[in-house]
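First the structure, in the form of structure tokens, and then the observations on it.
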Amino acid sequence: MSEARDRLLDTATRLFYAEGIHTVGIDRIIAEAGIAKATFYRHFKTKEDLVVAYLVREYARQRETLEAIPGEGTESIVGIFERLGDLSRGPGFRGCPFLNAAVEFPQPDHAVRQVVDDYRGWFRDLMADRLRAAGHADVDDAARMLLMTRDGVTISGGVGDNETVRVGIRTALSQLGIRSA
């Protein structure tokens, strides 16, 4: 990846996450990244291409972070939700970049929504793998519940409701027979 493309993605990531995708224009991203307009269009044909690249990069970052959490089975699930809880209560947290993007791109067949769907499917599959490793009886429904819990954690954290984040994680894990710290 070129240095200019990295600067564009870094700038877009910061602005899209902090302010929203539709509120940030290409000219602002170009100016703050310190590149020429022609350079932008050499790397991205459209703003939507930049949005997809931003989400693909975020997907890879989250995947690397969550898959690296140690432990197996339910121990891993607890670790993942502890990490999500910590992140959602941290400074500057503005919710899930995927859910935020889904709100701004409501058309289910849009390329942005495809990345969102891929990410959510990956997270559900990650939970199913961990549940299966723990010998859980109802892997599919439990994985969907954990996906919904993840969504709720990011929304509650995004609005600063830290107590709901904490209680929501504990309650969801408890409902699945998973003991958390």
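The values are calculated or read from the model by the stated rules, or taken from the named source; none is laboratory data. None of the values given here were measured: they were computed from a predicted structure. As a convention, Cβ positions derive from the backbone with ideal geometry for all residues, glycine included, and neighbour counts pool all protein chains shown. Please note that ligands, DNA and RNA were not included when accessible areas were found on the heavy atoms of the full protein model with its side chains. Shrake-Rupley method; radii C 1.70, N 1.55, O 1.52, S 1.80 Å.
Does MET127 satisfy the condition of being open to solvent by 80 Å² or more (accessible area, probe 1.4 Å), at negative phi and not charged (D, E, K, R)? Quick ask: steps written out before the conclusion?
On the way: open to solvent by 80 Å² or more (accessible area, probe 1.4 Å): no; at negative phi: yes; not charged (D, E, K, R): yes.
For MET127, the condition - open to solvent by 80 Å² or more (accessible area, probe 1.4 Å), at negative phi and not charged (D, E, K, R) - is not met.
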Item checked: Failed condition for CYS96, given (1) under 30 Å from VAL139 (Cα atoms); (2) surrounded by fewer than 16 Cβ atoms within 10 Å (Cβ to Cβ); (3) at pLDDT 95 or above -> (2)
Check: Is it the case that segment 36-59 has a residue that's loosely packed, with under 13 Cβ neighbours inside 10 Å and either in contact (Cβ under 8 Å) with a residue 24 or more places away in the chain or within 26 Å of VAL165 (Cβ to Cβ) (or both)?
Finding: no
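If you take the residues in segment 1-35 that are free of Cβ contacts under 8 Å to residues at least 40 places away in the same chain and not in a helix (DSSP H, G or I), which one is most open to solvent (accessible area, probe 1.4 Å)?
The initial filter retains those residues of segment 1-35 that are free of Cβ contacts under 8 Å to residues at least 40 places away in the same chain, namely 1, 3-7, 10-11, 14-15, 19, 23-35.
Keeping just the survivors that are not in a helix (DSSP H, G or I) gives 1, 23-25, 34-35.
Details: MET1: 146, THR23: 99, VAL24: 1, GLY25: 35, GLY34: 55, ILE35: 24 Å².
Selected residue: MET1.
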Checklist line | From the options ARG132, ARG170, residue that is crowded, with 16+ Cβ neighbours inside 10 Å and closer than 21 Å to ILE69 by Cα | finding: ARG170
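Considering only segment 112-143, state which residues are of a type outside the set (A, V, I, L, M) and over 27 Å from ILE21 (Cβ atoms).
Taking segment 112-143 as the starting set, the residues that turn out to be of a type outside the set (A, V, I, L, M) are 113-114, 117-125, 129-130, 132, 135-136, 138, 140-141.
Within segment 112-143, ASP129, ARG130, ARG132, GLY135, HIS136, ASP138, ASP140, ASP141 meet the criteria.
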Notebook entry, point to check: Considering segment 135-160 alone, what residues qualify as being without any contact (Cβ under 8 Å) to a residue 12 or more places away in the chain, open to solvent by less than 60 Å² (accessible area, probe 1.4 Å) and not hydrophobic (A, V, I, L, M, F, W, C)?
Noted result: GLY160
